[in-house]
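K.L.:
I have a structure here, written as structure tokens, and I will follow up with some questions on it.
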Amino acid sequence: MNKPTWWPECPWPKEVWPMTQEEYKKAIPDPHLRTAISGFLMRLGWELAEEDIFKKMKEILLGEE
């Protein structure tokens, strides 16, 4: 993906949280619970990403900080 230069960096880099998908499956073997947890974390991550992207867009487009 060709991101604009102002695009925020991922706040959850693999270097800090290196868990693989296989490790995740072992840690939470119940597929229903794993799906529920994944969904919750994805929603939370999306909300945080929206805030970061909106803040950065306001800085660039409106000169707000």
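Quick note: the coordinates plus some simple rules give every number you see, no bench work behind them. These numbers were taken from a predicted model, which means no experiment stands behind them. With ideal geometry, Cβ positions are generated from the backbone for all residues, glycine too; neighbour counts draw on all protein chains shown.
K.L.:
Round to the nearest 10 and give me the degree value, 0 to 90, for the angle of helix 31-62's Cα axis relative to the longest principal axis of the chain.
P.N.:
That works out to roughly 10 degrees.
K.L.:
Only one of the values [x] -0.95, -1.01, -1.07; [y] -1.04, -1.08, -1.12; [z] -1.11, -1.17, -1.23 was calculated from this structure for log10 I(q)/I(0) by the Debye sum over Cα atoms at q = 0.23, 0.24, 0.25 Å⁻¹; name its label.
P.N.:
Structure-derived value, by its label: [y].
K.L.:
To continue, here is another question. Only loop residues by DSSP count here, and only those with at most 15 other Cβ atoms within 10 Å; note down the chymotrypsin sites (Phe, Trp or Tyr not before Pro) in the chain that meet that.
P.N.:
W6
K.L.:
Given only helices, namely DSSP H runs of n ≥ 4 each adding -39500 (n - 2.57), what is the per-residue ellipticity at 222 nm of the chain, to the nearest 500 deg cm²/dmol?
P.N.:
My calculation for the chain gives -20500 deg cm²/dmol from helical runs alone.
K.L.:
Need the full-extension length gain, C10 to L61, defined as separation in residues times 0.36 nm minus the C-alpha distance. One decimal, nm.
P.N.:
Full extension of this stretch gives 16.3 nm more.
K.L.:
For region 6-56, state which trypsin sites (Lys or Arg not before Pro) are in a DSSP loop and have at most 10 other beta carbons lying within 10 Å of their beta carbon.
P.N.:
Loop-located and lightly packed - K14.
K.L.:
Here is a further query. Describe numerically, in nm with one decimal, the distance between label points set 7 Å from Cα along Cα→Cβ at A27 and at E47.
P.N.:
Spacing of the two 7 Å Cα→Cβ label points: 2.1 nm.
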